[in-house]
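> Sharing a structure with you now.
Rule-based calculations on the coordinates, nothing more; no lab input. The structure displayed is predicted, hence computed values, not measured ones. All Cβ positions, even for glycine, are placed from backbone atoms using ideal geometry, and neighbour counts span all protein chains on display.
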Amino acid sequence: MKLYDRVRTRAGRRLPASLYAAGAVAAERHPLEGEIRTDVAVVGAGILGLSTALALAEGGTGCVVLEANEPGWGASGRNGGQVNAGLKWAPSRVEADLGVEAVAFSYEAPTRLGELVARLGLDCDYVNGGGYRAATDAQGARDIEALVAEFERRTIPVRALDAGAMQAAAGTGRYTGGLFDPVAGQVNPLKYARGLAAAAASAGARIFCDSPVIEARQAGGWILRTPRGTVRAEKVLFATNGYSDGLVPGLRGSLLPVFSTIAASHPLPAPLRARILAGREVLYETGLQTVYYRVDAEGRLLFGGRGPQASAEGPGAARRLTALAERLWPDLRAVGWQYGWNGRVAITGDHYPHLHEVGGAGLVCAGFNGRGVALTTALGPRLAARLTGAPPDVVPLPVTAVKGVAFQPFWPAGVAAVMAWTDLKRRLAGR
């Protein structure tokens, strides 16, 4: 018998005061009470857990989702809303490390999300406007040129852009070059997560909020205990990502739960809106300290990147980011900022998502390194297939042992040091 105990139990927390939360209808929150049985239990109601639950329920498999707070409470409902393709590394490296299917799978993920939104009729502000990967220095531009050549050899439809084309697209002279990916898009992530939850429930999945799993053990299947109830399941998916705690031994220490911060402006005036990503594209920069942004359905600029490495809310939480945005587009100073918030993304040591087996009848999938919106959507049906008897290769990730990240307990100080060094280099370069 194996026993796992959650280190901290905190449930019933409200959503942070983000732009997404301000426009969201309050979710119905029903905690688990008593004992129930099911085929598969899913721990965590983020995009990964809900996508998996939806596929299980639509396939006729009994499924229960246990969420400590409410659907989309974590990074799934707080992120930048970018629907991007691929993994961090170039296709040749991904192919060498994970195999050829992982390359194709990761680049098709945004298309899978768009198809799911259309099939379910989700109201989530989804737009397939494409996306830019932008370089801020000469080396970055050379790296993107090499990357575009790799894409062309694999018939992945991206195109290279010079500095002038990037300035025309983004309305700033910050970039030395870039590439455009036509499959990328954007979404309101909290609306999307809530829509997945409603679709999964309609298909037969049972979703319980304010129900943190405080004990998980194997005894002829899995027994998952919450403060007010118990679930007995044949198999389990642990889908807690950046909010993983001590429930699965070693998992928390294998992830760097880095906070990513977003500021949202007031709606932009028409001339400024026409200058910044006028086609509703998304953009993210290359480099150690990523900056990313988009203009949403109401014309607000959502500008994200690294910020305080602790929970924070309000425009003041994103001063570093808003100051940068106002340097790029000085007209923003007259527009002002309405919201600021953050949340934890899970970074792995190799910058790949990780798949682990737990006790022979449990799976863990975590570590999406800031690229989880499309990727977790696409992984859900594959994980559902694996949980219902498909062979291991149905998931285009290798099964690995849980391995700790060196100096993980000291991650806030490390991230702060990297941010300070990166800011200094940018100031010295005048960018």
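> Looking only at the chain, where both bridge partners belong to it, what percent of the DSSP beta bridges are antiparallel (to the nearest 5)? Let's see the in-between values first.
On the way: 51 of 75 bridges.
Of all bridge pairs located within the chain, approximately 70 percent are antiparallel.
> Non-local amide H neighbours of Val358 (under 5 Å, H modeled in plane, Pro and chain starts lacking H): which ones?
Under 5 Å from the amide H of Val358: Leu363, Val364.
> Return the single residue from Gly314, Gly23, Gly372 with maximal mean-square fluctuation; model: Gaussian network over the chain, springs between Cα atoms under 10 Å.
Gly23
> Hey, what number do you get for the chain at 222 nm if only DSSP H runs of n ≥ 4 count, each worth -39500 (n - 2.57), divided across all residues, to the nearest 500? Before the final figure, lay out each step's value.
Working: 11 runs with 135 residues, N = 431.
Roughly -10000 deg cm²/dmol at 222 nm, from the helical runs in the chain.
> Note down the net charge around Asn84, summing +1 for each Lys or Arg and -1 for each Asp or Glu among other residues with Cβ under 9 Å from its Cβ. Spell out each step's value before the answer.
Numbers: positive: Arg133, Arg371; negative: Asp181.
Taking every Cβ under 9 Å from that of Asn84, the sum is +1.
> Specify the angular offset, from 0 to 90 degrees and rounded to the nearest 10, of the alpha carbon long axis of helix 138-153 from the longest principal axis of the alpha carbons in the chain.
Taking the Cα atoms of the chain, the angle to 138-153 is about 60 degrees.
> Tell me, what ³J(HN,Hα) does each residue in segment 86-102 have, in order and in whole Hz, if you take phi through Karplus 6.51 cos²θ - 1.76 cosθ + 1.60 with θ = phi - 60° and put x for Gly and Pro?
Those phi angles translate into x, 10, 4, 8, 4, x, 5, 6, 4, 4, 5, 7, 10, x, 5, 5, 4 Hz.
> Against the longest alpha carbon principal axis of the chain, how many degrees, from 0 to 90 and to the nearest 10, is the axis of helix 411-429 turned?
The answer is roughly 10 degrees.
> Could you list Val127, Val295 in order of exposure, starting from the residue whose Cβ has the fewest other Cβ atoms within 10 Å?
On the way: Val127 19, Val295 25.
Lowest count first: Val127, Val295.
> Also, I was wondering about something else. Can you put Thr322, Thr240, Thr155 in order, fewest other beta carbons within 10 Å first?
Values: Thr322 21, Thr240 27, Thr155 6.
Going from least to most buried by this count: Thr155, Thr322, Thr240.
> Okay, next question. Hey, with R₀ at 45 Å, roughly what FRET efficiency would His30 and Ala274 work out to, going by the Cβ-Cβ distance, to 0.05?
0.50
> Report, in whole Å, the centroid distance computed from the Cα atoms of segment 99-135 and segment 153-170.
The two parts, judged by their Cα centres, are 18 Å apart.
> Report relative contact order for the chain in percent, whole number only (criteria: Cα-Cα under 8 Å, sequence separation at least 6). The partial results should precede the final answer.
Details: 1001 pairs, mean separation 102.9, N = 431.
Computed over the chain, the figure is 24 percent.
> Quick check on the exposure proxy: order Glu35, Glu70 from fewest to most C-beta atoms within 10 angstrom.
Sorted ascending by nearby Cβ count, the order is Glu35, Glu70.
> Further, regarding this structure: Restricting to DSSP loop positions (anything but H, G, I, E, B) with no more than 15 other Cβ atoms inside 10 Å of their own Cβ, which GluC sites (Glu not before Pro) remain in segment 296-388?
On the way: sites: Glu298, Glu313, Glu326, Glu357; in loops: Glu298.
Hits after loop and neighbour filter: Glu298.
> So, one more: Can you give me the orientation-averaged projected area of the convex hull built on the Cα atoms of segment 111-204, in nm²? The partial results should precede the final answer.
Details: hull surface 29.7 nm².
Averaged projected hull area, Cα only: 7.4 nm².
> Further, regarding this structure: Under a 5 Å amide H to amide H cut-off, with H placed in plane at 1.01 Å, what residues pair with Gln338 once short-range neighbours are removed?
Residues meeting the amide H criterion: Ala264, Ser265, His266.
> Further question: Just to confirm the number: angle between the C-alpha axis of helix 47-58 and the first principal axis of the chain, 0 to 90 degrees, nearest 10?
The angle comes out near 50 degrees.
> Write down the Kirkwood hydrodynamic radius of the chain, to one decimal in angstroms, obtained as one divided by the mean of 1/r over all alpha carbon pairs. Mind showing how you got there, number by number?
Details: mean 1/r = 0.0457 Å⁻¹.
For the chain, the Kirkwood estimate is 21.9 Å.
> Can you tell me which aspartates and glutamates have their Cα less than 17 Å from the Cα of Lys88? Leave out same-chain residues fewer than eight positions away.
Answer for Lys88, where 17 Å is the Cα cut-off: Asp97, Glu101, Glu108, Asp143, Glu145, Glu150, Asp181, Glu285, Asp350, listed by chain and number.
> List the residues, sorted by chain then number, that are 5 or more residues from Ile207 or on another chain and whose placed amide H is less than 5 Å from its amide H.
Here the answer is Val65, since their amide H atoms fall under 5 Å of that of Ile207.
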